[in-house]
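The values are calculated or read from the model by the stated rules, or taken from the named source; none is laboratory data. Computed from a prediction, not measured in an experiment: that's the story for all the values here. Methodologically, a virtual Cβ is constructed for each residue, glycine included, from the backbone with ideal geometry; neighbour enumeration extends over all protein chains shown.
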Amino acid sequence: MNKSKESLFEKSKTLVPGGVHSPVRSFKGLNTTPIFIERAEGAKIYDTEGKDYIDFCMSFGPLILGHRNKTVENDLKSALERGWSFGACEPYSLELAEFITSKIDFVEQVRFVNSGTEAVMTALRLARGATKRDKIIKFNGCYHGHVDSMLIKAGSGLAGEAESSSKGIPEGVAKDTLTCELDDRETVEEIFKREGANIAAIIVEPLPANNGLLPQRKEYLQFLRDITKKNGALLIFDEVISGFRMSFSGMSGILGITPDLVTYGKIIGGGLPVGAICGKRALLENLAPMGDVYQAGTLSANPLAMVGGLSTLRQLTEENYKKLEEGTGKIVEMFREYFASKSQYAHLKVQSRGSLFWIHPAMPDDQEISSLADFPSNLAESFSILFDDFLEKGIYLAPNGYEVGFVSLAHCDQTITELRKRLWS
Ligand SMILES: *Cc1c(COP(=O)(O)O)cnc(C)c1O
């Protein structure tokens, strides 16, 4: 087989829509053909043309320990020898559920699914079933997977009214999602005043990290907690990225704000397909078979994926979080130094929280960006130049300026020295 990325991508495009199975992988809006990854190790990916890259995409978040962490690999090998799907009760999901509930106070029960999207879909249905209400409030700038009712953008009419951001979503579905800008208190209050009795839930990423990195004020998230409680609505924290990354208990642990439901994905499977809906037992027991909110899955709590998740989460010690933050700090400083030293990058800023970072053009007033409303207009163009330069140097960023960068534990040793060499090569 010809292994050049051009020939692989051409062939892909004949067999797969757009050549990819998830749109961001197509490098749309960039000048480069997608690289095809053949294997990975630690902080590096190796492509089919024999070139290696320091990976800052890390599968978009799950691989907090790095590629092919040896402990996870050995645990997966043992799991393989026991069989990889039973469609029946097994002890592995029990171990993972017990580990999570023992470490996160408000999580009394866990329902495992196969992706973040599925977790959100179930959380929304559960919220609606438990409150007997239909409407959901979501925020512009937050991503919650490709659930119909979440592919919604701001409309031009009444406060909160919205329209779908994808074709194929019935109006009847779109009308039950109301949208607000992040950090906008007034609109949320207005919606509750107008139709508080119809609001089932507010869903929010407590650290939005899918449209750049948009840190929120604690007071604002507390306001969302208070107004939902007061109106009999639920608060859903979508911690698919931030869960087990910002701390073991995610942003809710850091902020000391307890949502009614939390959705996890990405790290919870350590790179295998896992999502989870978590919360108090009384609420979770609305799900079938105890309750009338239906949810099921042929491959849910897949034994191999459960072992991958548990093996990953077990390594997330306080010490490792500390190492990860220190390493990220060094990497971010190095990027800043590099940008400051090159006139074509002097306008770039690096925003960072925990082991996440986001490179973006500076705002005129040099302020930290915290909402989609104050986004730099030259982001895509500016990112495209940087992406090509980095790719050439053997540094791989997620192929879209709206995506954040992910640092893993495997980046925190000699990779930092190697990054310096590659940047100034
Ligand atoms: C990635 C992500 C999702 C979707 O998860 P998938 O596993 O891609 O379906 C949902 N919410 C947030 C916050 C995410 O980052």
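What number of residues within segment 331-361 satisfy the criterion of being part of a loop (DSSP other than H, G, I, E, B), small (G, A, S) and loosely packed, with under 14 Cβ neighbours inside 10 Å? Please lay out each step first, then the result.
Step one: filter segment 331-361 for residues part of a loop (DSSP other than H, G, I, E, B), giving 342, 346-347, 354-355.
Subset that is small (G, A, S): 346, 354-355.
Those left that are additionally loosely packed, with under 14 Cβ neighbours inside 10 Å: 346.
Of the residues in segment 331-361, 1 are part of a loop (DSSP other than H, G, I, E, B), small (G, A, S) and loosely packed, with under 14 Cβ neighbours inside 10 Å.
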Note on segment 187-205: residues among the acidic types (D, E) and under 27 Å from the mean Cα position of the chain (by Cα) are E205
Any chance S78 is surrounded by fewer than 19 Cβ atoms within 10 Å (Cβ to Cβ) and in contact (Cβ under 8 Å) with a residue 12 or more places away in the chain: yes
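Going by the structure shown, is N74 within 16 Å of the ligand (Cβ to nearest atom) and either more than 21 Å from the chain's Cα centre (by Cα) or at pLDDT 95 or above (or both)?
Values: within 16 Å of the ligand (Cβ to nearest atom): no; either more than 21 Å from the chain's Cα centre (by Cα) or at pLDDT 95 or above (or both): yes.
No; evaluated as a whole, the condition is false for this residue.
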Members of segment 110-130 that are near the ligand (Cβ under 9 Å from one of its atoms) and in contact with a Ser or Thr (Cβ under 7 Å, 6 or more places away or on another chain): N114, G116, A119, V120
Exactly one of S102, S93, S85 is without any contact (Cβ under 8 Å) to a residue 60 or more places away in the chain and over 30 Å from A197 (Cα atoms), and that residue is S102
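From E118, E108, which residue is out of contact with any helix residue (DSSP H, G or I) (no Cβ under 9 Å at 6 or more places or on another chain), under 30 Å from E318 (Cα atoms) and either at pLDDT 95 or above or surrounded by 22 or more Cβ atoms within 10 Å (Cβ to Cβ) (or both)?
Values: E108 fails: out of contact with any helix residue (DSSP H, G or I) (no Cβ under 9 Å at 6 or more places or on another chain).
Criteria check complete, one pass: E118.
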Within segment 21-57, restricting to residues that are in contact with a helix residue (DSSP H, G or I) (Cβ under 7 Å, 6 or more places away or on another chain) and among the polar types (S, T, N, Q), the one that is farthest from the ligand (Cβ to nearest atom) is N31
Conditions (1) within 24 Å of L182 (Cα to Cα); (2) within 16 Å of the ligand (Cβ to nearest atom); (3) surrounded by fewer than 19 Cβ atoms within 10 Å (Cβ to Cβ); number of the one not met by D134: (2)
Considering every residue within segment 154-161, establish whether at least one is within 25 Å of the chain's Cα centre (by Cα) and either within 15 Å of the ligand (Cβ to nearest atom) or part of a strand (DSSP E or B) (or both). yes
Report, by residue number, each residue of segment 380-416 that is more than 15 Å from Y53 (Cβ to Cβ) and not polar (S, T, N, Q). A380, E381, F383, I385, G401, Y402, E403, V404, L409, C412, D413, I416
E181 passes all but one of the listed conditions (1) crowded, with 20+ Cβ neighbours inside 10 Å; (2) under 18 Å from F375 (Cα atoms); (3) touching a Phe, Trp or Tyr at 6+ places or on another chain (Cβ under 8 Å); the exception is number (1)
Given the conditions (1) farther than 22 Å from L76 by Cβ; (2) crowded, with 20+ Cβ neighbours inside 10 Å, report the number of the one that G271 does not fulfil. (1)
The lone exception for T298 - which of (1) in contact with a Gly (Cβ under 7 Å, 6 or more places away or on another chain); (2) surrounded by fewer than 21 Cβ atoms within 10 Å (Cβ to Cβ); (3) not in a loop (DSSP other than H, G, I, E, B) it fails: (3)
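Hey, any hits in segment 134-147 for a residue that's part of a strand (DSSP E or B) and of a type in the set (S, T, N, Q)?
For segment 134-147, residues part of a strand (DSSP E or B) and of a type in the set (S, T, N, Q): present.
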Looking at this structure, is G83 on the phi > 0 side of the Ramachandran plot, assigned by TED's automatic domain parsing to the domain that holds L287, within 16 Å of the ligand (Cβ to nearest atom) and at pLDDT 95 or above? no
Taking segment 1-44 as the search range and keeping residues that are in a helix (DSSP H, G or I) and acidic (D, E), which one is surrounded by the most Cβ atoms within 10 Å (Cβ to Cβ)? E10
Over segment 51-89, the set of residues part of a loop (DSSP other than H, G, I, E, B) and touching a strand residue (DSSP E or B) at 6+ places or on another chain (Cβ under 9 Å) is F56, C57, G61, P62, L63, I64, L65, G66, R68, N69
Regarding Q295, is this residue within 16 Å of the ligand (Cβ to nearest atom) and at pLDDT 95 or above? yes
Given (1) without any contact (Cβ under 8 Å) to a residue 12 or more places away in the chain; (2) in a strand (DSSP E or B), where does E381 come up short, assuming only one miss? (2)
For helices (runs of 4 or more DSSP H) lying entirely in segment 183-287, having 2 or more residues that are within 12 Å of the ligand (Cβ to nearest atom) and under 23 Å from S408 (Cα atoms) picks out 250-255
